[in-house]
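To start, the structure itself, in structure tokens.
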Amino acid sequence: MSPLVARRDDLVSLEAYHSPQVDAEVRLNTNESPFPPPPGWAEAFAEEIARISPNRYPDREAGALRQALADLHGVSPAEVFCANGSNEVLQCLLLAFGGPGRRAATFEPTYSLHGFIARLTGTEVHSAARDQRFGIDLEAAAALLARTQPAITFLCSPNNPTANTDPPELVDQLLRLAPGLVVVDEAYGQFAPVPVTRRPGDDGLVVVRTFSKTWALAAARVGYLLADPEVVAACQAVALPYHLSAYAQAAGLCALRFRAEMEDRVAQLVAERERLAAGLGALEVEVWPSQANFILFRPRGRSAGAVWRGLLERSVLVRDVSTRPELAGCLRVTVGTASENDRFLAALAECLA
Ligand SMILES: *Cc1c(COP(=O)(O)O)cnc(C)c1O
């Protein structure tokens with residue numbers, strides 16, 4: 001076969017991102033919101049899309065959405081970049097600031113797509129291990145940054161899949177130590193008591209957020225970053241023209257009009273999280289404290305795979321994260337509605353009996 005029809009050498013061993021989309025009555029595997037957006041959102045969205053001219057390209061600058069996000073966060077639209085989910089935001093950051101000959105740093109275990117998307121863009125990935133409670137050890141981090149001089153250092157707070165947050169002092173210290181950008185992925189920021197988001201400045205801080213979790217809009221694919229205008233301009237330069245459809249822009253824009261309803265859902269999920277954690281605590285599992293809308297746990301005396309299958313037999317789907325060495329034996333469950341969480345707890349109790 002001609003080498004030109006073979007895959008890029010650096011990507012041969014890469015497998016497609018894989019989170020099984022299996023049919024189950026209770027789906028607690030991808031950290032989505034268990035609630036649809038509020039009814040008012042659907043009406044507002046229908047009105048907005050009636051105004052779209054399908055034969056015309058969308059606003060390439062996503063001006064209205066960026067203005068609304070700028071208002072939400074008290075920044076200027078020049079400090080906001082929007083894309084198809086935060087995954088495309090991350091891809092644009094890596095296209096603009098990573099690439100061959102450049103490095104990215106991660107603290108493992110963390111969101112696997114940080115390293116995955118980095119590799120897709122030819123960026124080398126270097127990692128330090130988190131400590132036993134999944135915190136970032138400052139000395140190990142300083143050594144990693146000094147040794148590898150990464151163009152991008154990825155943080156994730158709350159961290160997926162371990163559900164703990166990075167203390168703001170640590171983020172400050174890493175901002176001082178990192179030679180390049182420090183990207184804080186805050187997909188679950190609103191579930192944490194102390195949001196990390198601060199006004200990004202010229203100190204290299206980039207905050208990434210998404211509509212997929214707290215805003216109940218995973219289907220719409222909308223994410224954004226807050227950063228210095230130069231970072232935003234660099235992302236716009238590498239994004240494909242008209243990458244964000246008029247429908248996605250409208251979906252995000254309408255969601256922002258229902259902030260109170262969305263915040264109410266977040267509060268409900270936080271309350272459910274505490275109930276779910278207490279329920280797990282009464283079973284034969286090890287549970288880690290969570291500041292997100294999911295919980296990491298490890299069944300005692302049972303393999304993660306066997307428990308995962310046992311739950312699926314009872315039509316409850318969770319995420320098996322046990323293939324990662326640091327997470328041996330662990331599963332991750334998304335906080336669902338009260339009845340979904342009850343079904344999960346009952347099914348798990350049966351699997352462990
Ligand atoms: C779910 C998740 C995202 C969301 O990605 P989208 O592309 O916005 O759906 C981003 N970061 C982390 C850490 C996540 O867990």
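The values are calculated or read from the model by the stated rules, or taken from the named source; none is laboratory data. Computed from a predicted model, the values in this text were never measured in an experiment. No Cβ is skipped: glycine too gets one built from the backbone with ideal geometry, and neighbour counts run over all protein chains shown. Heavy atoms of the whole protein, side chains included, go into the accessibility calculation; ligands, DNA and RNA do not. Shrake-Rupley method; radii C 1.70, N 1.55, O 1.52, S 1.80 Å.
What whole-number value in Å² describes the accessible area per residue of the range 40-257 for a 1.4 Å probe?
About 40 Å² of surface per residue is accessible.
Given only helices, namely DSSP H runs of n ≥ 4 each adding -39500 (n - 2.57), what is the per-residue ellipticity at 222 nm of the chain, to the nearest 500 deg cm²/dmol?
Calculated from helices alone, the mean residue ellipticity at 222 nm is -12000 deg cm²/dmol.
Can you bin every Cα-Cα distance in the range 40-257 into 5 Å intervals starting at zero and give me the percent of pairs per bin, rounded to whole numbers?
For the range 40-257, the pair-distance distribution reads 1, 7, 15, 20, 20, 15, 10, 6, 3, 1, 0, 0.
With contacts defined as alpha carbon pairs under 8 Å and 6 or more residues apart, what's the relative contact order of the range 40-257 in percent?
So the answer I get is 27 percent.
Which order do peptides 223-229, 55-61 fall in by mean Cβ count within 10 Å, highest first?
Those peptides, ordered most packed to least, come out 223-229, 55-61.
Out of the total accessible area of the chain (probe 1.4 Å, heavy atoms of protein only), what percent is carbon and sulfur?
53
Which of the chymotrypsin sites (Phe, Trp or Tyr not before Pro) across the range 1-109 are loop residues per DSSP, with 16 or fewer other Cβ within 10 Å?
When the chymotrypsin sites (Phe, Trp or Tyr not before Pro) of the range 1-109 are filtered for loop state and at most 16 Cβ neighbours within 10 Å, 17 remain.
If you restrict to DSSP beta bridges whose two residues both lie in the range 118-232, what percentage is antiparallel, to the nearest 5?
The antiparallel proportion sits near 30 percent.
R0 = 56 Å: FRET efficiency of residue 247 with residue 142, Cβ-based, nearest 0.05?
0.80
For 5, 270, give me the order by solvent-accessible area with a 1.4 Å probe, most accessible first, ignoring ligands, DNA and RNA.
Sorted by accessible area, descending: 5, 270.
Hey, got the dipole for the chain? About the Cα centre, +1 on K and R Cβ, -1 on D and E Cβ, debye to the nearest 20?
I would put it at about 500 debye.
State the antiparallel share, in %, of DSSP beta bridges confined to the chain, rounding to the nearest 5.
Counting DSSP beta bridges with both partners in the chain, the antiparallel share is about 45 percent.
Full extension from residue 78 to residue 10: what is 0.36 nm times the residue separation minus their Cα-Cα distance, to one decimal in nm?
The span from residue 78 to residue 10 would gain 21.0 nm if fully extended.
With label points built 7 Å along Cα→Cβ from the Cα atoms of residue 49 and residue 350, find their separation and express it in nm.
Between residue 49 and residue 350, the simple spin-label model gives 3.7 nm.
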